[in-house]
Amino acid sequence: MTRQKLTDSKVKAAKPKASEYKLTDGGGMYLFVTRTGTKSWRLDYTFNEKRKTLTIGKYPAISLEKARHATREAKNQIISGIDPGKTKSALKASDSDNALIFSNFAREWWLHNKGLWSPNHAERVWRKLELNVLPALGGTHIKNITSQQVLTTVQNIERRGVSDIPKRVLGIIKNIFTHAVASGHIPTNPASDLNPLLKKSKPAHRASMPINEIGCFLTRLDTYEGNRVTALALKLTLLTMLRPGEIRGGRWAEIDYSNKQWRIPGVRKHDNGTTYLGMKMKTEHIVPLSTQAITTLQELNKITGQYSLMFPSQRDPSSKTISENTLNKALAKLGYDGTVAGKSKATAHGFRSTAASKLNESGFNSDAIELQLSHIERNSVKAAYTYHATHMDERVKMMQWWGDHLDELKNSSPNVS
């Protein structure tokens with residue numbers, strides 16, 4: 001029988017007995033209750049084949065959630081060969097300096113910034129810290145962390161062969177210490193000036209599908225056995241030349257059927273005010289919609305029109321979109337992962353390159369194509385003012401030509417399986 005974890009109400013209701021006792025939460029962590037009613041969090045663990053007990057702190061100064069967080073940090077230290085009993089990683093309300101233990105300070109920094117980020121980005125930032133940084137630096141006071149320790153931590157990530165993760169992680173560490181410097185906790189940032197010491201990462205290549213495979217792909221997409229919403233998302237990515245994130249974050253309120261336009265704000269906001277999946281250039285982007293795109297949207301609306309999000313997740317359709325991996329996973333399921341003969345490796349983002357290449361080859365104005373891709377930076381007031389009118393008529397014709405051309409490719413493609 002699986003033991004149930006503690007709850008806040010159970011911890012609060014624990015009363016003293018004739019003898020001291022434990023209320024276990026699992027994983028070695030428990031609430032220790034004395035005969036006088038004092039409650040404290042403890043963790044039993046093994047280090048160098050010796051059984052030990054770490055006192056995390058007293059309840060209610062240390063909540064159940066904080067005790068679990070301290071337990072995770074302690075276990076990360078054990079994995080890294082550090083005895084948590086020898087460090088200051090346990091949360092203690094009586095120790096004001098404890099807030100400057102890196103794991104705690106990083107957590108506070110993350111919570112401070114969380115509301116400024118999209119939910120997906122916030123989750124990715126914390127995941128990078130949890131996987132790559134906290135096991136190495138989590139139990140150390142920020143005043144004691146050196147540039148060499150930061151560099152070693154990031155170089156260990158490099159040795160795993162991951163591409164751009166080391167620089168991203170270094171950027172996160174640097175931002176945390178920038179906050180520490182600005183708060184007056186440390187005089188200098190130990191993560192500064194380390195970028196030149198990292199290996200240069202190769203730019204990510206987003207594989208694009210050759211134009212001569214598009215017709216068969218569209219035919220296969222019609223019979224895709226996965227979620228129909230995913231198939232329509234792929235089709236709209238191809239028809240509109242938008243980035244996959246811009247597609248996934250679409251809201252029905254952005255679609256202007258009367259003018260055949262998709263008006264994407266520079267910054268999208270959930271109902272709770274948090275931002276998510278807006279335009280990369282942070283400026284409103286107007287997308288002319290071909291008749292094919294309109295038809296695709298109308299089909300999609302029959303499936304997800306009851307929600308504000310065009311591509312809602314199945315788990316939480318009211319506030320979350322499909323995940324960033326959904327479209328590429330669907331392409332792989334259709335065989336476009338580089339392992340199937342006759343099918344090139346392709347990504348959803350690569351559809352932009354496929355479309356742009358064909359439109360350039362067909363003689364369309366390069367500025368109109370760049371505007372459709374939202375590649376042209378619009379920093380000046382004049383540029384921002386004139387953007388929507390610039391090449392709009394040509395873009396309308398161009399996107400209708402592109403929709404018609406995709407129909408021609410599909411209709412002329414051979415029977416596929």
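Read-outs throughout are calculated quantities, based only on the coordinates presented, and are distinct from any laboratory measurement. Only a predicted model underlies this, so the values are computations on that prediction, with no experimental measurement involved. Reconstructed Cβ throughout: ideal geometry from the backbone, glycine too, with neighbour counts over all protein chains shown.
Overall, the chain carries a charge dipole of about 2000 debye about its Cα centre when +1 sits on the Cβ of Lys and Arg and -1 on the Cβ of Asp and Glu, all other atoms neutral.
Rg and Dmax of the stretch 95-204, both derived from C-alpha coordinates alone, stand at 13.6, 46 Å. In the chain, the DSSP-assigned H stretches of four residues or longer account for a calculated mean residue ellipticity at 222 nm of -12500 deg cm²/dmol, using -39500 (n - 2.57) per stretch and the full residue count as denominator.
Among all the lysines, which ones have a C-alpha under 18 Å from residue 358's C-alpha, if same-chain residues fewer than 8 places away are not counted? Straight-distance partners of residue 358: 235, 397, 410. Compared with the alpha-carbon gap, the fully stretched path from residue 404 to residue 38 is longer by 124.2 nm at 0.36 nm per residue.
FRET efficiency for the pair residue 151 and residue 313, taken as 1/(1 + (r/R0)^6) with r the Cβ-Cβ distance and R0 = 41 Å, rounds to 0.60.
Semi-axes of the equivalent ellipsoid of the stretch 211-411 are 25, 23, 15 Å, computed as sqrt(5λ) over the eigenvalues of the C-alpha gyration tensor in descending order. Out of 180, 170, 142, whose Cα points farthest toward the positive end of the dipole of the stretch 95-204 (charges: +1 Lys, Arg; -1 Asp, Glu; placed on Cβ)? Positive-most Cα among the choices belongs to 170. Using only Cα coordinates, the Kirkwood hydrodynamic radius of the stretch 1-150 works out to 16.6 Å. Here's the picture: charge each Lys and Arg Cβ at +1 and each Asp and Glu Cβ at -1 in the chain, and of 23, 351, 236 the one pushed furthest to the positive end of that dipole is 23.
Computed on the Cα atoms alone, the convex hull of the stretch 151-224 gives a volume of 160 cubic angstrom per residue. Residue 132 sits among other residues whose Cβ lies under 10 Å from its own Cβ, and their net charge, with Lys and Arg +1 and Asp and Glu -1, is +3. Screening the chain for DSSP H helices whose Cα atoms reach 20 Å or more along their own axis and whose mean Kyte hydropathy is at least 0.0 gives 165-182.
Between the listed residues 392, 245, 288, the Cα displaced farthest toward the positive end of the dipole of the chain, a dipole computed from Cβ unit charges relative to the Cα centre, is found at 245.
The mean sequence separation of alpha-carbon pairs under 8 Å and at least six residues apart, normalised by the residue count of the chain, gives a relative contact order of 12 percent. Residues 229, 267, 33, arranged from fewest to most other Cβ atoms within 10 angstrom of their Cβ, appear as 267, 229, 33. Simple point charges give the picture: +1 on the Cβ of Lys and Arg, -1 on the Cβ of Asp and Glu, and for the stretch 211-411 a dipole about the Cα centre of about 520 debye.
Full extension of the segment from residue 392 to residue 159, taken as 0.36 nm per residue of separation minus the current Cα-Cα distance, would add 79.0 nm. Go through 167/343; 66/167; 15/114; 12/86; 260/302 and tell me which ones have a Cα-Cα distance over 28 Å in this structure. Those over the limit are 167/343; 66/167; 15/114; 12/86. Rg ratio for the chain: its Cα radius of gyration over 2.2 N^0.38 Å, N being its residue count, equals 1.24.
By the Stokes-Einstein formula, at 1.567 mPa s and 4 °C, the stretch 1-81 with its Kirkwood radius over alpha-carbon pairs has D equal to 98 µm²/s.
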